[in-house]
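Chemist: Before I ask anything, let me first share the structure, which is written out below as structure tokens.
Read-outs: derived from the displayed coordinates by stated rules, not from any lab. Here the structure is a predicted model, which means the values were calculated and not measured. So basically every Cβ, Gly included, is an ideal-geometry build from the backbone, and we count neighbours across all protein chains shown.
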């Protein structure tokens with residue numbers, strides 16, 4: 001990896017997400033040699049991926065170069081590569097560009113889409129955890145409309161204009177709202193030769209309410225908002241399969257759709273090499289203690305989405321969101337400094353600042369620890385918090401400018417197919433065959 | 001293509017570049033049925049592609065959805081497809097989504113990179129005529145630096161930091177300047193473990209001056225600007241081959257470089273189906289008369305880069321730039337209306353508004369028909385003209401904001417590898433082999 005030996009202890013951080021970046025920032029020039037590894041050369045502001053997918057923002061506005069984060073730091077190295085495995089016995093990370101020794105290892109690899117083992121759904125549906133995935137969704141949505149314009153087969157045309165979002169969490173809700181707004185403000189005008197009323201947006205939730213990690217008030221308010229926008233919500237319905245054309249469920253609901261976006265589950269982006277008992281089965285998160293130490297190790301830590309810190313308040317670990325990740329990253333920096341100075345480490349206590357989701361224009365729901373509100377004010381709070389959280393002044397300014405423009409003009413000019421998405425298997429039936 | 005028959009005459013326009021869009025805009029609601037065909041769903045502002053390639057602007061800022069251009073027009077259709085051939089005998093355009101009949105056909109397909117038949121150069125070098133190509137260059141530049149960080153082989157590291165631009169026209173000059181500024185302001189800070197002084201930028205020009213379509217004053221000024229920025233300029237040198245590693249020329253200049261960007265020639269993006277005598281050999285442009293009518297046809301027109309209108313003043317046709325394209329598009333709209341009203345057509349006269357190129361921060365050259373100037377003021381003129389020419393308020397605002405930010409901060413935050421570029425053949429020699 002071409003990293004010089006140093007007299008300082010080496011901290012290797014895998015992952016430049018919210019957790020990894022928070023940690024890296026606080027470890028600047030702190031008498032450690034730090035190596036930050038990521039498979040992308042940029043940090044991604046995941047909460048706004050859905051806006052990239054729906055043409056509201058350009059990809060570059062929610063990405064930030066990792067090398068810029070660590071500019072000017074001494075003995076701080078970034079390496080662009082994919083980690084294959086870790087070898088705790090030899091304190092080594094095995095990557096595609098070689099092996100690297102660590103004194104402290106921090107796993108901050110985040111999460112990835114969980115298909116719960118269904119390979120056919122994985123093959124045929126879209127997921128949205130990275131910028132390229134969001135851009136693929138954007139291309140696919142627009143390609144479907146371009147195809148819908150061409151076909152004379154009504155069933156096929158309807159399927160091309162059917163959008164099914166599986167999972168009623170924030171991502172599903174926000175995407176549903178954004179698509180509904182595109183239907184009204186954009187597709188209506190862009191495709192005058194299509195009957196846009198036929199465009200349908202379905203949100204399928206396996207539980208009995210959407211946004212079920214938030215308060216019941218938020219669930220009810222967001223459901224009402226979405227219904228007003230024309231989104232069809234299906235609760236207590238579990239998707240059993242999607243063959244690229246037809247979605248089947250555990251009820252008698254069957255839908256034909258060219259686009260299925262799967263946001264129904266996440267799992268830790270786990271790395272090979274840890275003993276089985278360190279990993280929580282099914283969700284693939286890494287068990288950590290209150291200091292974010294991986295069970296069984298003193299010098300391996302996990303922070304953010306990948307870390308499952310079970311506690312009385314959070315028996316299944318903390319929610320997989322930016323806030324716990326940032327707070328764990330910050331605390332771990334302090335704790336590594338404590339270790340260096342032979343002080344004792346501080347236990348992590350999650351400071352829940354609340355959660356929020358936006359549904360559309362003037363519509364959001366906000367749960368603070370002690371109160372709930374929704375509507376226009378919630379929407380402004382949502383925008384302010386997200387703008388404020390973006391890294392970098394330029395990104396903040398460009399996102400703000402886009403939002404103001406989109407708001408005034410009811411528009412999203414990013415409806416661009418820059419790189420076509422090659423859908424693997426949208427099966428076209430001709431009228432004769434049906 | 002699913003386009004209804006209409007009592008109006010049908011104009012089919014192939015290509016949504018400067019010429020096609022200018023024509024389409026003026027044909028709105030003018031008693032024609034208009035069909036606009038493009039293989040992208042967006043118009044590309046090509047003069048700023050080099051800024052996308054060097055991380056100064058996001059791709060979406062220089063692209064504009066074509067469907068938005070024709071929003072609200074009656075009997076106006078956009079179709080996203082690639083044209084395979086035209087069949088003048090049956091007045092048909094053959095495309096990947098079917099055939100379409102035309103009453104008037106307008107070919108506005110623009111130009112593409114000309115490798116003068118050298119397949120090895122074509123395979124191994126980068127070109128920059130579309131947004132995906134610019135994004136590939138951006139990825140490659142950054143990947144090369146990430147690789148340079150890893151290698152201990154000095155020759156390989158130098159080759160990874162060598163950038164060769166072939167062609168001393170505006171594209172080559174602007175890219176050279178942008179790379180030189182990145183070297184100074186960004187790579188220096190982003191890669192502290194590299195000796196950035198070893199980064200070299202070579203500009204190879206076959207003629208005896210760069211910017212040879214501009215005045216001699218502009219050539220001299222731009223040469224001086226580039227030299228100050230550390231760019232090595234090679235004149236009267238012709239590249240003979242590039243195998244992915246080594247560039248050979250018709251002189252004793254031999255360079256090792258991982259990145260070669262080929263801007264040394266363009267040719268018309270010609271379509272099959274026209275008789276041989278309509279096409280200018282070697283440059284593949286279509287011969288047109290003073291009304292932009294393709295030689296031999298009354299109802300087929302060609303406008304913009306693809307059209308070669310030979311005249312006393314322009315014996316090889318007009319320069320392949322935005323201005324002649326826009327002017328021809330505008331005039332053709334008038335002429336089609338004249339034809340409709342049985343009036344005679346007006347001959348095209350190019351109104352040369354001048355040309356310009358930017359080299360870097362505060363440095364540009366401007367040739368107006370009657371005067372030349374360069375330096376800071378020229379740079380402001382360049383910026384104003386380009387901002388003003390971008391389609392859409394949002395794009396203008398976002399580009400302006402980026403430029404202000406980049407100017408104040410000496411930065412280009414778009415240094416993102418969103419989709420890695422898989423280079424086909426950078427041959428790695430180990431030290432032993434050399």
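Chemist: Run the helix sum for chain B: -39,500 (n - 2.57) per DSSP H stretch of 4+ residues, divided by residue count, reported at 222 nm to the nearest 500 deg cm²/dmol.
Modeler: The helix contribution divided over chain B gives -9000 deg cm²/dmol.
Chemist: Here's something else I'd like to know. May I ask you to derive the relative contact order of region B:142-194, considering only C-alpha pairs under 8 Å and at least 6 residues apart, and to give it as an integer percent?
Modeler: Here the relative contact order equals 35 percent.
Chemist: Let me ask something else. Scattering from the C-alpha atoms of region A:119-264 alone, worked out with Debye: what is log10 I(q)/I(0) at q = 0.12 1/Å?
Modeler: Calculated log10 I(q)/I(0) at the listed q: -0.47.
Chemist: Taking 8 Å as the Cα distance limit and 6 or more residues as the minimum spacing, I'd like the relative contact order of chain A as a percentage.
Modeler: With pairs under 8 Å counted, the relative contact order is 20 percent.
Chemist: Let me ask you something else. Across the protein assembly as shown, how large is the tail of the calculated P(r) beyond 43 Å, expressed as a percent of all Cα pairs?
Modeler: It works out to 36 percent of all Cα pairs.
Chemist: Which ordering of B:70, B:196, A:261 is given by a fewest-first count of other beta-carbon atoms within 10 Å?
Modeler: With the sparsest Cβ surroundings first, the list reads B:196, B:70, A:261.
Chemist: For residue B:298, which inter-copy label distances result when the label point lies 7 Å beyond Cα on the Cα-to-Cβ vector, reported in nm to one decimal and in ascending order?
Modeler: The answer, with the shortest distance listed first, is 9.5 nm.
Chemist: For region B:119-144 and region B:102-118, write down the distance between their C-alpha centroids in whole Å.
Modeler: Distance between centres, Cα-based: 21 Å.
Chemist: When DSSP beta bridges are limited to those with both residues in the protein assembly as shown, what percentage is antiparallel, rounded to the nearest 5?
Modeler: 50
Chemist: Let me ask something else. Can you name the chain A residue with its Cβ nearest the rotation axis from A to B, and give the distance in Å as a whole number?
Modeler: A:58, 2
Chemist: Report, to the nearest 10°, how far helix B:131-150 tilts away from the longest principal axis of the Cα atoms in chain B, using its own Cα long axis and a range of 0 to 90°.
Modeler: Its long axis makes an angle of about 10 degrees.
Chemist: Using the number of other C-beta atoms within 10 angstrom as an exposure proxy, rank B:263, A:151 with the fewest first.
Modeler: The order, fewest Cβ neighbours first, is A:151, B:263.
Chemist: Which of A:115, B:314 has the fewest other C-beta atoms within 10 Å, and how do the rest follow up to the most?
Modeler: So the residues, fewest neighbours to most, are B:314, A:115.
Chemist: Still on this structure: Give the angle, between 0 and 90 degrees and rounded to the nearest 10, that separates the Cα long axis of helix A:393-409 from the longest principal axis of the Cα atoms of chain A.
Modeler: 10
Chemist: Taking beta carbons within 10 Å but only from partner chains, what does the mean come to for residues A:408-421?
Modeler: Counting other chains' Cβ atoms within 10 Å and averaging over A:408-421 gives 6.
Chemist: Moving to a separate point now. Once each part is reduced to its C-alpha centroid, what is the distance from region A:216-288 to region B:269-289 in angstrom?
Modeler: Comparing the Cα centres of region A:216-288 and region B:269-289, I get a distance of 55 Å.
Chemist: Nearest 5 percent is fine: what portion of the DSSP beta bridges confined to region B:119-264 is antiparallel?
Modeler: Of the beta bridges lying entirely in region B:119-264, close to 30 percent run antiparallel.
Chemist: Something else: What is the Cα centroid distance between region B:292-332 and region A:38-93, reported in whole angstrom?
Modeler: 48
Chemist: Using the 7 Å Cα-to-Cβ label point, sort the distances from residue A:282 to its equivalents in the other copies shortest first and give them in nm to one decimal.
Modeler: Label point to label point, same position, other copies: 7.3 nm.
Chemist: Once the label point is placed 7 Å from Cα along Cβ, list for residue B:31 the distances to the corresponding points in the other copies, in nm, shortest first.
Modeler: 8.7
Chemist: Helix B:376-389 sits at what angle to the longest principal axis of chain B, using alpha carbons and giving 0 to 90 degrees rounded to 10?
Modeler: 40
Chemist: Percent of Cα-Cα pairs more than 27 Å apart in chain A, please.
Modeler: For chain A, the fraction of Cα-Cα distances above 27 Å is 55 percent.
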